[in-house]
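Working notes, beginning with the structure itself.
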Amino acid sequence: MLRETLSKRGVRVVTGLGKYFRRIDKNRNGFLSQADFKEALKVFHLEVPEGDFESLWLILDDSKSDKVDYGEFVRAIVGEMNEYRKAFVRKAYMKLDFNKTGSVPMVDIRKCYCAK
């Protein structure tokens, strides 16, 4: 139900939720409590009946830690990348990883990317 609502409202709502999540994540650990998550849905006018919210929370909080991280939320809503997008990301990463070390320092990114 929430997935359908978000897909109708678009990418801006999902990215807006991400910004909101980061703003209310006071200790910067990437996790949200159930109350914070419920409040975020209200702020973005994403109406979820209480029973559906409880089911959603059980799915998102599969570790039963009473918290959920934004990355898990996005994967649950948007899903995993398709193979075409994964291949595109791999190709871009291989181009950035000049030394084939498996990590890309900011200096190497600056050589290839200009945000202007």
Among ALA35, SER63, ILE109 - extreme Cα towards positive end, dipole of region 21-116, charges at beta-carbon: ILE109
Most fluctuating residue given options ASN29, ASN82, ASN99, as computed from a GNM of the chain linking Cα atoms under 10 Å: ASN99
Separation between the ALA87 and ILE59 pseudo-spin-labels, each 7 Å from Cα along Cα→Cβ, expressed in nm? 3.0
Measuring from a point 7 Å past the Cα of MET106 along Cα-to-C-beta, which residues in region 79-95 have an amide N at less than 20 Å? 93
Computed over the Cα atoms, what is the radius of gyration of the chain divided by 2.2 N^0.38 Å, N being its residue count? 1.30
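What does the helix-only formula give at 222 nm for the chain: each DSSP H stretch with n ≥ 4 adding -39500 (n - 2.57), the total divided by the residues, and the result rounded to the nearest 500 deg cm²/dmol?
-18500 deg cm²/dmol
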Out-of-range pairs (alpha-carbon distance over 24 Å; input LYS95/LYS116; LYS26/LYS86; LYS19/LYS91; LYS19/LYS100; LYS26/LYS95; LYS38/LYS86): LYS26/LYS86; LYS19/LYS91; LYS19/LYS100; LYS26/LYS95; LYS38/LYS86
Based on the Kirkwood radius over alpha-carbon pairs, what is the Stokes-Einstein translational diffusion coefficient of region 17-60 at 37 °C with 0.692 mPa s viscosity, in µm²/s? 299
At 7 Å along Cα-to-Cβ for each site, give me the label-to-label distance between GLU80 and LYS26 in nm. 3.7
Net charge dipole size for the chain [Lys, Arg +1 and Asp, Glu -1 on Cβ; Debye, nearest 20]: 1020
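A short reminder: the numbers here are calculations on the coordinates, not readings from a lab. All values reported here derive from a predicted model rather than from experimental measurement. Neighbour counts are summed over all protein chains in view; Cβ atoms, including those assigned to glycine, are modelled from backbone coordinates with ideal geometry.
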